[in-house]
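Written out below as structure tokens is the structure these notes cover.
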């Protein structure tokens, strides 16, 4: 039988580092039932034994919860049947022992059976501070273990000391007044003073404050934009070769299948339906992995909370806060991990608004679409296209800001509306842990979002293959997708486009970038891939409605760009939104609202163009 | 009261607000109590958060959060 232990601690206490050492790679994220937040559960690293499991809870400053993360920790401690009697491991940062002792007192009052693990002992040494933990343990009546997060020293002693028996004492929910806090602080101060010996104390914040003199000054904005640009540019630099490799690999597999079984529907289904759908999922994995690695590096170094603090005031003007910064930033790569990153936002209102505007950020899937449409507008003008490209990024931020400002008028400020960002010491990033966590998050994306993309991609492919004509795929116009396009043509017409572009727009609901390849199919471009874009542009220039008027005008193309900027077409994003917000209603409302605004805007742009120019 | 940077202040009182009591409660959680010595390190550019430190914490506080600390 496996014994469950719950890790509890304040943010930045070193809890997750201990958890990673305890579990090795044997952990998975678990959604708290009915909640938007996950906690992580893992079995003990096999080199330490086999019969222990650990739960890593979100960081909490107190047992009286004030944010969604803290509510999950409280539920793990009090409500979850698997964990509400489990022995707890309270992780305390040794450098801030006095402050964190209030949590010790709260745990005792709540009748929670626990041990204490003191982390960052190396910093205590650096600070010339000696604490008699044996005396402290005796005085408060709780076992204390010292653990070094860099070397894992102390972990064996902790594991062998963990109790097997479960305390049956019922846990009490506590409620503290200011006087309770004041009394706890005095008790903690006396207790810590009694067991602490300091000689020539060194300010361990010295180096951190020196760096902050730069990073948190006006120049800090220059560093901030530099670091962020580097982060995103490197996403494309580093991931491109891997994405190309994945694409080439799947292309090779598809070609082999079709070559081995020509004329076989099953082989075509496998190569163009299944294999191509897998490729559509996996081609973005390198980018997502590098994004998580980059964010993990910045977080582990201690810079990310500072970036959030720096950008807090400008974001407040938009009705958001500094904690929304990282998710919005991630939205430029992919909305899926960006939505996951909103878990760190304590304010429900900020989290709601941030989640709403994330899909409006110009994610990487929009790039091929922008590329095609901008080439149509500015043929042979690469420099201008580059500037317009950058402009679209800023424009999506601007649209996000406008949407946020509108939403703040409707969403009341929530009670948990506070910032108070603790600024941890700058530390050497723990590469091993960063890699492990990035891999785990990427795996989570693939396993959860992947099936949805594959399902829709296969569905669309089948829609284009049926009904069969003499056992062959029909003309696209006669296929189910084509028929749907014809039925919906009156809807697309006000945007200035015909059923073929409509099919492209429908297919983009599997993945936005599918729009370009669908356009190539519906406009019957037969050239090799490198020539495809050129031929497609030529056909787009010549494409006409039945009455002879051109389909692709500046108005309709600008409308299409606006549509793609605002529309929520990515079903993976919708699925992730449902999971993260815990609300189907919110996710579907967002889908409807964003698509209606996108459609309305595209129609408006096209109609204004027709009125003014034509 | 004008605040000087890199100077030690004592928290005389933590002011409560009916509008958002959570701010005061969170300040208690972070270890801010009456009588505590803190250093106001700086204020971030363009009216951003205040940076406050004590032996227990190094934290960025929004103006409305910082104003809850009555300092002497």
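The values are calculated or read from the model by the stated rules, or taken from the named source; none is laboratory data. What you are looking at is a predicted structure, and each value in this text was computed from that prediction instead of being measured. As a convention, Cβ positions derive from the backbone with ideal geometry for all residues, glycine included, and neighbour counts pool all protein chains shown.
The figures follow:
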read-out: Filter result for the condition that a residue is within 16 Å of the chain's Cα centre (by Cα) and either surrounded by 24 or more Cβ atoms within 10 Å (Cβ to Cβ) or over 20 Å from residue A:394 (Cα atoms) (or both), over A:336, A:326; value: A:336
read-out: Number of the exception - residue B:22 against (1) within 30 Å of residue A:127 (Cα to Cα); (2) within 8 Å of chain A (Cβ to nearest Cβ); (3) outside any strand (DSSP E or B); value: (1)
read-out: Test for residue A:374: is it farther than 27 Å from residue A:513 by Cβ and either in contact with a helix residue (DSSP H, G or I) (Cβ under 6 Å, 6 or more places away or on another chain) or assigned to a loop (DSSP other than H, G, I, E, B) (or both); value: no
read-out: Criterion violated by residue A:517 - all others in (1) at pLDDT 90 or above; (2) more than 21 Å from residue A:338 (Cβ to Cβ); (3) under 32 Å from the mean Cα position of the chain (by Cα) satisfied; value: (1)
read-out: Filter result for the condition that a residue is within 14 Å of chain B (Cβ to nearest Cβ) and either assigned to a helix (DSSP H, G or I) or without any contact (Cβ under 8 Å) to a residue 40 or more places away in the chain (or both), over A:349, A:366; value: A:349
read-out: Criterion: assigned to a helix (DSSP H, G or I), closer than 19 Å to residue A:337 by Cα and without any contact (Cβ under 8 Å) to a residue 40 or more places away in the chain - qualifying residue of A:593, A:574; value: A:574
read-out: Selection within the stretch B:25-38 - buried (at least 18 other Cβ atoms within 10 Å of the Cβ), more than 7 Å from chain A (Cβ to nearest Cβ) and either in a strand (DSSP E or B) or at pLDDT below 90 (or both); value: B:38
read-out: Flag for residue A:48 being out of contact with any helix residue (DSSP H, G or I) (no Cβ under 9 Å at 6 or more places or on another chain), closer than 21 Å to residue A:22 by Cα and surrounded by fewer than 21 Cβ atoms within 10 Å (Cβ to Cβ); value: no
read-out: Test set (1) crowded, with 17+ Cβ neighbours inside 10 Å; (2) touching a strand residue (DSSP E or B) at 6+ places or on another chain (Cβ under 7 Å) - residue B:48 fails condition number; value: (2)
read-out: Where residue A:112 falls short, out of the listed (1) touching a strand residue (DSSP E or B) at 6+ places or on another chain (Cβ under 9 Å); (2) part of a helix (DSSP H, G or I); (3) under 19 Å from residue A:52 (Cβ atoms); value: (2)
read-out: Helices (runs of 4 or more DSSP H) (entirely within the stretch A:208-301) containing at least 1 residues that are within 14 Å of another protein chain (Cβ to nearest Cβ) and either in contact with a strand residue (DSSP E or B) (Cβ under 6 Å, 6 or more places away or on another chain) or touching a residue at least 12 places away in the same chain (Cβ under 8 Å) (or both); value: A:219-260
read-out: Near pairs, Cβ below 7 angstrom, 6+ apart or cross-chain, from the stretch A:309-322 (at the interface with chain B (Cβ under 7 Å from one of its Cβ atoms)) to any residue that is surrounded by fewer than 20 Cβ atoms within 10 Å (Cβ to Cβ) and in a helix (DSSP H, G or I); value: A:310/A:221; A:310/A:224
read-out: Condition broken by residue A:564, with the remaining ones in (1) touching a residue at least 40 places away in the same chain (Cβ under 8 Å); (2) outside any helix (DSSP H, G or I) satisfied; value: (2)
read-out: Residue in the stretch A:539-557 that is at pLDDT below 85 and surrounded by 19 or more Cβ atoms within 10 Å (Cβ to Cβ) present; value: no
read-out: Top-ranked residue of the stretch A:83-98 - restricted to ones that are within 14 Å of chain B (Cβ to nearest Cβ) and in contact with a strand residue (DSSP E or B) (Cβ under 6 Å, 6 or more places away or on another chain), ranked as modelled with the highest pLDDT; value: A:92
read-out: Filter result (farther than 20 Å from residue A:140 by Cα, assigned to a helix (DSSP H, G or I) and more than 10 Å from chain B (Cβ to nearest Cβ)) within the stretch A:162-197; value: A:179
read-out: The stretch B:53-68, residues that are within 15 Å of residue B:29 (Cβ to Cβ) and more than 7 Å from chain A (Cβ to nearest Cβ); value: B:54, B:68
read-out: Any hit, the stretch A:184-202, residues being surrounded by 12 or more Cβ atoms within 10 Å (Cβ to Cβ) and under 35 Å from the mean Cα position of the chain (by Cα); value: no
read-out: Residue that is farthest from residue A:180 (Cα to Cα) [pool: residues in the stretch A:46-62 that are modelled with pLDDT of 75 or more and more than 27 Å from the chain's Cα centre (by Cα)]; value: A:51
read-out: Among residues of the stretch A:169-183, those that are loosely packed, with under 12 Cβ neighbours inside 10 Å and more than 13 Å from residue A:78 (Cα to Cα), counted; value: 3
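For (1) touching a residue at least 60 places away in the same chain (Cβ under 8 Å); (2) touching a strand residue (DSSP E or B) at 6+ places or on another chain (Cβ under 8 Å); (3) under 30 Å from residue A:599 (Cβ atoms); (4) away from every other protein chain (no Cβ under 14 Å), each residue gets a yes or a no:
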site	(1), (2), (3), (4)
A:380	no, no, no, yes
A:386	no, no, yes, yes
A:391	no, no, yes, yes
A:399	yes, no, yes, yes
A:404	yes, no, yes, yes
A:408	yes, no, yes, yes
A:436	yes, no, no, yes
A:439	yes, no, no, yes
